[in-house]
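Participant: I'd like to ask some things about the structure below.
The values are calculated or read from the model by the stated rules, or taken from the named source; none is laboratory data. Given the structure is predicted, the values throughout are model-derived calculations rather than measurements. Every residue, glycine as well, gets a Cβ built from its backbone with ideal geometry; the counts of neighbours run over all protein chains shown. Heads up: the accessible areas ignore ligands, DNA and RNA and are worked out on the full protein's heavy atoms, side chains in. Shrake-Rupley method; radii C 1.70, N 1.55, O 1.52, S 1.80 Å.
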Amino acid sequence: MWLLVSALAVVGGLQLLRSLVSGLSVHLGQVRDVPPAELAILIFAIFASAFAAPLARRVLGTRWAYAGLTGALALLRLAEQFTSDVDARLAIAIAGVVVWLWFMPLLFARGFEDESRVGPTGVFALLVGLTVDTAIKGAFGTLDLGSAPGLAPQLTTVALTVALLALVVWLARSSDDVPDRGSEPRLAFVIGPAIALHLLIFQNLGHHAALIGWSLPAVFAWTTLANLAALWVVVGCGRSGIGRFRWMRFAAAAVLIVAVAPTPPAWLAALGALLGPTAISVLWMASLGGPDGRRAGGLILPLGLMAIPIVLFGWYAHYEIEIAIPQWVIPVAAAVVIAVPALAPAREIPTSRWSGARSVAVASLVLLLLPLHQFLNWNEPDDPPNSDGLRVATYNIHQGFDLYGRHDLEGIALAIEEAQVEVVALQEVPRGWVVNGSVDALGWLAQRLRMHWAWGPAADPNWGNAILSRHPILDVVNRPMPNNEDLLFDRAYMVATIDLGDRRVQVVATHLHHIERESRHRLPQVRALLDSVDWSQPTILLGDLNAQPHHEELRLLRSAGLSTVQPPVATYPADRPRRQIDYVLTTDHFAFVDVYAPETTASDHLPLVATLE
């Protein structure tokens, strides 16, 4: 029972953690323009609160601290689900993450009547929580419950909250199953870096979908198998110990370091996704088998938890500021921190009396049904419409967040649906960015709208441009911009050939450098477009060009023979559009019938819709 309660608490904490990360990054960092230094101080303060966790244990005792923290975590997660105000949601997420940080040391606390269960059950509960959390995201198309539309996520949240509260009450009244005193293992700091890698890579379905190139059901099934394999490894180690199998530690360390290597080929990314969770499980078990950390005053695990913001925000800070350390060093360093302690000789915890085989067997049957259900209910693209004209659009979707910083992919989908577009180019499309909720925005929108899709990575393999089309997409070429070495944020453009039935059209989609006053960086990007694309074919250029109609970038495009509608149609900002920076430009094979920007605050940009003939 303790294990189930702990796993559900881990699930709630991970959901609140992702909400916190995206709230800090998008709502405060982008919408409110809070300076990075102030954000860093806030992030440090939130995670530094973990060092006060021993206070709750001393004041309340482990039993009541455990019950109180898990109950508070459940209620905060429920409150976040039913709160629409962005500031209030962020405040709830901050409080929830602080509670979760205070809870985590209790997960690995010594002091059980049966100490043989300490090592395996702590790791097992954490892995079950990670597995269930990933299963929930997979079931809702990579969306978290707090941002998924409809009644189902609300009912799921209520059910999880009621179940957790009922179990906590029952557990608080029992006398056998909750530790009363103790401290975490001395090497418990490895938990923090491993959670960070799970969030960034191994439990990140959007990340896997982008790197491997599989559909969400296939990625979901693959990740579920990886998680179940990791659980079975913990069961095996819990029965027989891991000290005698020293080769397993070295093999797991090598696998983990290779699995976090930068931009691997698709087959290696798939192999890493499968073996990574098991490698971390082996290293966890080896590390947590050492002596406890009583002399450190229970500060070892809180110290390790500080690695979560360091890894996550350290990874994404490279897109905002110049950092001397290469980006790939961050996950590799986290992997080394996890691996090295596990390779050192350590006292073996006796684990022969513990077994989680029955739990894993039941979990395996239940969890594998979710990707199977997704396979059976996967939507194929609808048939293309019959029309003489062609309705196209360009839409900067602001990473899936609305004007106020709420995650709202459903609002994006409704704006596209109501405009009845046949081809739409999307910018700022995340596919597994943790700071954007770890969602696969492209996969979710393609399913929701039942459209063909094409992907064009830009900043990295998980963030870039995309095209959705009612018509089949025959061919796609994605190219980086020539001046990316001069920029913190890489740019790219994609060229797709779309089959309209009686003819083929070339669609070029791009997103130029975002700082409007830095025209010097956009001009080389425009010249690259003009030089590399065959403009003699019927071609439509769609994109956020971050330049106004009177700027040199647009004059270059017009002088090359591309035309756009006049007068300009303002597209930014969405609540008070004052200038046009999003464009539909065409070769002389097309004529504009109408162009307009539908009113919506689903993004900070308005979509620009054009009917062509």
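Participant: Confirm whether N478 is surrounded by fewer than 24 Cβ atoms within 10 Å (Cβ to Cβ) and modelled with pLDDT under 95.
Facilitator: No.
Participant: Looking at region 418-476, which of its residues are part of a strand (DSSP E or B) and among the aromatic types (F, W, Y)?
Facilitator: W453, W455, W463
Participant: Further, regarding this structure: Considering only residues of region 511-547 that are within 20 Å of H605 (Cα to Cα) and open to solvent by 40 Å² or more (accessible area, probe 1.4 Å), which is modelled with the highest pLDDT?
Facilitator: For region 511-547, the residue satisfying everything is H514.
Participant: Another question, then. Would you mind stating whether D486 is open to solvent by 40 Å² or more (accessible area, probe 1.4 Å) and at negative phi?
Facilitator: Criteria met by D486.
Participant: Can you report the number of residues in region 578-598 which are in a loop (DSSP other than H, G, I, E, B) and under 19 Å from E422 (Cα atoms)? Give the steps one after another, and end with the answer.
Facilitator: Applying the first criterion (in a loop (DSSP other than H, G, I, E, B)) to region 578-598 yields 578, 580-581, 587-591, 597-598.
Now restrict to residues that are under 19 Å from E422 (Cα atoms): 587, 589-591, 597-598.
Counting residues in region 578-598 that are in a loop (DSSP other than H, G, I, E, B) and under 19 Å from E422 (Cα atoms) gives 6.
Participant: Just for region 430-458: of the residues that are among the charged types (D, E, K, R) and crowded, with 23+ Cβ neighbours inside 10 Å, which one is farthest from A135 (Cα to Cα)?
Facilitator: So, considering only residues that are among the charged types (D, E, K, R) and crowded, with 23+ Cβ neighbours inside 10 Å, the one farthest from A135 (Cα to Cα) is R431.
Here's the yes/no breakdown for (1) at pLDDT 95 or above; (2) buried (at least 21 other Cβ atoms within 10 Å of the Cβ); (3) more than 20 Å from the chain's Cα centre (by Cα):
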{"position": "P105", "(1), (2), (3)": "no, yes, yes"}
{"position": "D114", "(1), (2), (3)": "no, no, yes"}
{"position": "P120", "(1), (2), (3)": "no, yes, yes"}
{"position": "L126", "(1), (2), (3)": "no, yes, no"}
{"position": "T157", "(1), (2), (3)": "yes, yes, no"}
{"position": "V162", "(1), (2), (3)": "yes, no, yes"}
{"position": "V178", "(1), (2), (3)": "no, yes, yes"}
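Participant: Follow-up. Taking only pairs six or more apart or across chains, which ones have beta-carbon atoms under 8 Å, a first residue in region 403-417 that is surrounded by 23 or more Cβ atoms within 10 Å (Cβ to Cβ), and a second residue that is of a type in the set (K, R)?
Facilitator: Final answer for the pair search is G405/R32; L409/R448.
Participant: Moving on to the next point. Which of the numbered conditions does V21 fail, given that it passes all the others? Conditions: (1) surrounded by 24 or more Cβ atoms within 10 Å (Cβ to Cβ); (2) within 22 Å of L171 (Cβ to Cβ); (3) modelled with pLDDT of 95 or more.
Facilitator: (2)
Participant: Assess whether L76 counts as being in contact with a Gly (Cβ under 8 Å, 6 or more places away or on another chain) and closer than 30 Å to A363 by Cβ.
Facilitator: Details: in contact with a Gly (Cβ under 8 Å, 6 or more places away or on another chain): yes; closer than 30 Å to A363 by Cβ: yes.
When the stated conditions are applied, L76 passes them.
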